[in-house]
Each structure stands twice: as structure tokens, then as C-alpha cells.
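Trainee: Just dropping this structure here.
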Amino acid sequence: MKLEKNEINRNYLKTGVEGLDEIIKGFPKGGLVIVSGSPGTGKTTLAASFIYHGATRYGEPGVYASLIEDERRFYQYMRGFGLNFEKLREEGLFRYLALPTMLEPGIGSVMNLILESVESIGAKRLVIDSYTAISQMFESQSEARTFLHTCFSKITKQLGCTTILIREESISGEKSRYGFEEFIADGLIHLRMDRIENKLVREMTILKMRGCRIENPDACITLHQGFKVLPPTKITIPEKPKPFKPPPDPQKGYSTGIPDLDKVLGGLPDKSTTLLEVDPKITPLELLSIGAATIASCIYREMPCLYIPSGGTTSEDLRTYLKTYGLSDDQVREYLKLPLEEMRIPVSAIVAKASPEKAHQLFEKLKEYALTITKNYQKPPVRIIGVDKLAHIFGEYLIDIAHQGVERTKKDGGLLIWVLKPTHPWISERLAPLADIHLKITRRHGCMLIYGIKPRTPLYAIQFDKETLIPKLLPIL
């Protein structure tokens, strides 16, 4: 029998956890969901967020039953994430159940305490933290099965209380001594930590969610201001221009056009060179969304921008994107300078193979072009250079060009920004020592990430607000 969409939705409980309901329909209503992971992966924060947002957003009371810590420490810890459980308790929407670590006569007492608390406030959400701690009291496998059967039948089914059961794993990934709980659970969520060049990245895998087809089971997560799931990055170009106010330039420097990135870097210093290294998984549109903010900010300030696009993007792509910032055709035409087009340089021709002399002559023309812009506008341009495009034209002569470009920037001022795609791996090692700032953009589970090598920064997720095209950075904590 085919179920209607509304009927399907009624079978699921919205978690209220930011980003999670974008990946799944929710948790099976009245179901049992196991959240597993090693210490520090965010299990408690996820479970607490499930309870908290259920109460604040949907008016559903919740119980948090714990053998791990006392009530006072729980409240204090959660306040750090902006979750005021004490207020929920006063409103009758929450109860914290601190279970004693040694119980007599045993596991039956645990279940009675939980059942009484759930029934007393009509809880629709329950967290048991943790199954691993409770399992230490089991004398046999049959007693473990009895506990799970009671939890599954009486709490989730009879009382209609959707339950999260937290399962601790060792750092090595070792599971509890029984492990059959995952077979009766309606959902399985595993949390873990990994590293990208010594940067901590948190990840989540939805191993099972009964009745749900999960197209993207893996996702990045962060504990910044609470538990958040980071769905794959989506960039939607609006049909109408969005209002844009360029961020202020820092003293003796320039804004990146992205306020959050300015806070991380302090802006881009005058006379500096920035290397932006791009992972091959990043799409041309995603890369354009970063560079366009810098260029739009400069154009609004009537600063000339000399732009050589990376492979996969064109100047027309940039023009189209800049219009969404509210820039007019006249503004773009006046301040966006495209030397390869204006000088009619054939990108398909590798002049370095023809002769070093020809490569040198072409580079001299590019230098004259930049000097003319400086003279006409009475200020040095911001140069954003697709390194792969120049490498295709100049070959290894590119390194000499890079050295001269850095020296010219140090002498005349302005900015030099290299955008480097991994089409020529040898280039990165040669350019990195020349750069004052070295950033990397990558992708994990569809989520755009950025971090700094010089200066060293934490890992940040790049997100886009629907109301503005300006990228926002969310720390991965």
C-alpha cells in the first residue's frame, strides 16, 4: 500500500537538530535510535539538542537519564552551548534523571525510575546516557536483552516516547560487549573525529534509519554553539541582485569581501601575496563564490581588479556573478580588467615551448598592462591570477614570473592573489614559500571547508545564507 506524503511525515519526529532534518525525514516516531562514538565526538551534545529543541520548537517534553554526571554539571555544560535546560525544567518540559552508579536490586530499578519520569511529565523524547554504563550492571546476555526489550516495548511503543540510546566506544572503535542492540534499533548514528592536515574535523554517519532512504549518509558536524550537521554546500544564484555593503578595509590592508574571513586573517595586508590552494573536488561555481566577494568589494571602492580566470571559469561567469551583488555593467566594465582578453593572448598556445624569448616578451606586455592600470587609476590593482591558466601559457617560466610578481607587489603595493588548482602539482611547492598568506579550500562529504597554513587557523565550514551571497565561516569545533 502506498502511503501519502503527509502520512509518511506523521510517522517521523523532527529532531530539531540544525541540519539533521535536511538529511533525514526525522527519527521514526516512538522509535529507538542508537548514537555511538568514542569519547569527545559529540554524543551528549547531539542527544541533549534532540531533547532541548523538541521542547522549545515543538512543545514536546523530554527526559535525560544519565549515569555519567550529575544534574548541576549537566546544566552548566549545556549552557556553554546556549541550551538553557533549567528554564525548561521550570516550565515542566524537562526532567533530568541522575541514575545512581550502583543500584539495588539491579537493572529493574533503572527501568522503573525511567518509566516513572517519562510518565510523570508525558515525555515524548528520552535519552539514556549511556547504554554502555548500564550494561556493566548486566549479569548476563539475557538480562541485557530484557532491558532492551523493556526499553523498546514499554517506553518507545506503549508510551510513544522516541528514545536515543547512547553507546560509548573506545578510541579504537571497540563496541559494547553485547552489540545486538543495533539489530532492534530503528536508527543508528555513528559520530567520529578525523583530521585534515592536523585540523580536527568531526563527522557523522547515519548507518540506519528505518523507512528512510538516505542519499547522503555521511556529513560533517560542528559543536560550535551547539550540535550542528553541515549538509552539502548549496549555492543558489538569485534572480535579482542582493544588497551588498563591502566590509571596511583594515588599517594598511584590504578586506577579503568576506567579514568572517577578515576576522580570521585580519584582512589582507597591503603589498602582500596570497596563495589560495583549491581542492579538485571544488566546483568552478564554488570557487567563483569566494573570489567574487573580494572583487565586488574592490569594485565598490573603485579599485581596479586585474583578473585572469582559472581553468573551468570564464570572465563572463564572473561578470554574471558580480551583477548579483548589485554592480552595474558600467562599474564592472570600468574596474574589472581582463588582460588575456584585451591583449588577445591565445590561452591554448604554450609560448614557453616555442621559445623562452617569446615567453619573456609576452610577460613584458603583461607587466606593461599592469603598470598602465596603476598609472591610469593612480593606485595599484588587485591582481587575482588563475595560476593554472598562466602555467598552461608559460610552462616552467611561470616561477620566474611569480618571483617578479611578488617583488613588484612589495614595491608598488596592492594585492597579488594566486588561485591554484592541482593541475600542476609541482607548482604548489614552488609558490608556497613566496606567499605571505596561504589558504586551502577543500570539500568533505559535500561541505566546503577552508583553513589557513599561513597563518595557521582552525578548520571552518563555508556556508551561504539564502538572503545574501556573502560566504559565512562556521568553526569546526
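Values in this text are rule-based calculations from the coordinates and carry no lab data. Values in this document were obtained by computation on a predicted structure and should not be read as measured data. We place every Cβ from the backbone using ideal geometry, glycine too, and count neighbours over all the protein chains shown.
Trainee: What is the Cα convex hull volume of the chain when expressed per residue in Å³?
Mentor: Enclosed volume per residue, from the Cα hull, is 177 Å³.
Trainee: Each residue of segment 188-197 in turn: what ³J(HN,Hα) in whole Hz from Karplus with 6.51, -1.76, 1.60 and θ = phi - 60°, glycine and Pro shown as x?
Mentor: Going residue by residue, I get 10, 10, 10, 10, 8, 10, 9, 9, 10, 6 Hz, with x marking Gly and Pro.
Trainee: Among Gly59, Ile166, Val406, which residue has its Cα positioned farthest towards the positive end of the charge dipole of the chain, with +1 placed on the Cβ of Lys and Arg, -1 on the Cβ of Asp and Glu, and the dipole taken about the Cα centre?
Mentor: Val406
Trainee: Add -39500 (n - 2.57) for each DSSP H run of 4 or more in the chain, then divide by its residues: what number comes out at 222 nm, to the nearest 500 deg cm²/dmol?
Mentor: When only DSSP H runs of four or more count, the value is -10500 deg cm²/dmol.
Trainee: Of the beta bridges DSSP finds with both residues in the chain, what % are antiparallel, to the nearest 5? Don't skip to the end; give the middle numbers.
Mentor: Values: 35 of 83 bridges.
Among the beta bridges of the chain, antiparallel pairing accounts for roughly 40 percent.
Trainee: Would you mind checking which residues have amide H under 5 Å from Lys29's amide H? H placed 1.01 Å from N; only 5 or more apart, or other chain.
Mentor: Placed amide hydrogens put Tyr12, Leu13 under 5 Å from Lys29.
Trainee: Quick one: Karplus J couplings for segment 425-439, per residue in order, coefficients 6.51, -1.76, 1.60, θ = phi - 60°, nearest Hz, x for Gly and Pro?
Mentor: x, 5, 5, 4, 5, 7, 8, 3, x, 7, 7, 7, 10, 10, 10
Trainee: Right, another one. Kirkwood hydrodynamic radius, computed over distinct alpha-carbon pairs, for segment 380-477: how many Å, to one decimal?
Mentor: It is 15.2 Å.
Trainee: Once you wrap a convex hull around the alpha carbon atoms of segment 216-259, what is its projected area averaged over all directions, in nm²? Before the final figure, lay out each step's value.
Mentor: Numbers: hull surface 23.1 nm².
Result: 5.8 nm².
Trainee: Moving to a separate point now. What is segment 227-341 by shape, rounded, prolate or oblate, if you read a ≥ b ≥ c off the alpha carbon gyration tensor as root eigenvalues and call it rounded for a/c under 1.5, prolate for a/b larger than b/c, and oblate otherwise?
Mentor: Here segment 227-341 falls in the rounded category.
Trainee: What does DSSP give for segment 253-475 in terms of the percent of beta bridges that are antiparallel, rounded to the nearest 5?
Mentor: 40 percent
Trainee: Could you pull out the GluC sites (Glu not before Pro) across segment 273-306 that fall in loop regions by DSSP (anything but H, G, I, E, B) with no more than 14 other Cβ atoms inside 10 Å?
Mentor: Glu302
Trainee: Evaluate segment 253-475: find the radius of gyration of its Cα atoms, find its Kirkwood radius, and give the ratio Rg to Rh.
Mentor: Radius of gyration over Kirkwood radius for segment 253-475 works out to 0.94.
Trainee: Exactly which trypsin sites (Lys or Arg not before Pro) in segment 256-347 are in a DSSP loop and have at most 16 other Cβ atoms within 10 Å?
Mentor: Lys281, Arg301, Arg344
Trainee: Which cross-chain or sequence-distant (5 or more) residues have an amide H under 5 Å from the amide H of Ser36, H modelled 1.01 Å from N in plane?
Mentor: For Ser36, the qualifying residues are Arg167, Ile189, His190, Leu191.
Trainee: Once you charge only the Cβ atoms, +1 for Lys and Arg and -1 for Asp and Glu, what is the size of the charge dipole of the chain about its Cα centre, to the nearest 20 debye?
Mentor: Approximately 620 debye in magnitude.
Trainee: Sort Cys298, Cys161 by Cβ crowding within 10 Å, fewest neighbours at the top.
Mentor: Values: Cys298 23, Cys161 27.
The order, fewest Cβ neighbours first, is Cys298, Cys161.
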